[in-house]
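In what follows, a structure is listed as structure tokens, so that the remarks can point back to it.
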Amino acid sequence: MELPPSIPPPAARQGKLSAADLRLVPTLMLFAAGILLGLTFSLNRIAVSDGIPFIPYVFWQALGAGLLMLAFSLIFRRPPGLSLRHLRVYAVMGLLGMSLPILVVNFVASKIPAGVVGLQQTLVPMLTYAFALLLHIDKVNALKLTGLTVGLGAVLVVVLPRASLPSPDMTTWVLVSFLTPLCYGMANVLISILRPPQSSSLALGAAILLTGAIYIGLVMLGMGEWWWFEGDADAMGNGDWALIGVVFINAIFFWLMLEIIRLAGPVFFSVQNYITTLAGIGWGILIHGETHSLWIWLALMLLFFGLALVIVGTLKTQAKT
């Protein structure tokens, strides 16, 4: 896909934000997105431990969140568009932004250490920045690059000691697992390019999630897997409630994702991967009583420093456009 070099950053296309707004609004949304998504790690653990099959679990959370967002988009009279341009966005984002990376993670989960899988997610901001530079929707910025590197270092402090491979035979599966951050990095950038004008984040998020549910549903039918809530509300287990919680989190997260990318661009949004990784550790401490070393606090300090650099770098970029 060739794009003219004159394409401005997403925030410039939507109208410039003031410096105060750019510091406050997208930053608060970024932390909200990362903290909420980090909570899903603990909820996923509860659901899987309670016996909910993975593929149906992903299907129902996508379908439920998509229907929830669709309902709100109809309430606000901004339903998803059905033009060819809209359908193309739904098809691409439903595949790259949701179903394919989730399926890859599920496929390799039993073949490589969990630390390696977590490590892949820390590559998303760097890959997003690389794609943004390649497609001319962002410019080389030393502060952003330094901030992303510091953020990556913050997460590496946590996950790298556990990420070594027990066997050289796992190398192939590690390479396959790289599809996940590649998909997310591409999706972050493509949504800022392909997003139809005047499309609301509620409607767009609803259509993307519902399209992803169609993809996952086809896989579920092909594998012959099926699952539904057992019993009435009184008989629902912790896994059932965890799934319902993830439905609401996904709906909020996708709205935040699309709004942050609209306001501050895909590179800024991609930093939530660092926040999500460390927030997941924090939720694990609160919910599961997990304990961690002082390395976590070092990682948090590095994370905040790196995020500050990305925010300042984004401000400087906005000021020049």
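The values are calculated or read from the model by the stated rules, or taken from the named source; none is laboratory data. Every value quoted in this text rests on a predicted model; they were computed, and no experiment measured them. All Cβ positions, glycine included, derive from the backbone under ideal geometry; neighbour counts span all protein chains shown.
The single condition from (1) part of a helix (DSSP H, G or I); (2) in contact with an Asp or Glu (Cβ under 9 Å, 6 or more places away or on another chain) that GLU230 fails is (1).
The rows are residues; the columns are (1) among the acidic types (Asp, Glu); (2) part of a loop (DSSP other than H, G, I, E, B); (3) modelled with pLDDT under 95.
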| residue | (1), (2), (3) |
| --- | --- |
| GLY51 | no, yes, yes |
| PHE59 | no, no, yes |
| ARG78 | no, yes, yes |
| ILE102 | no, no, yes |
| ASP138 | yes, yes, yes |
| VAL150 | no, no, yes |
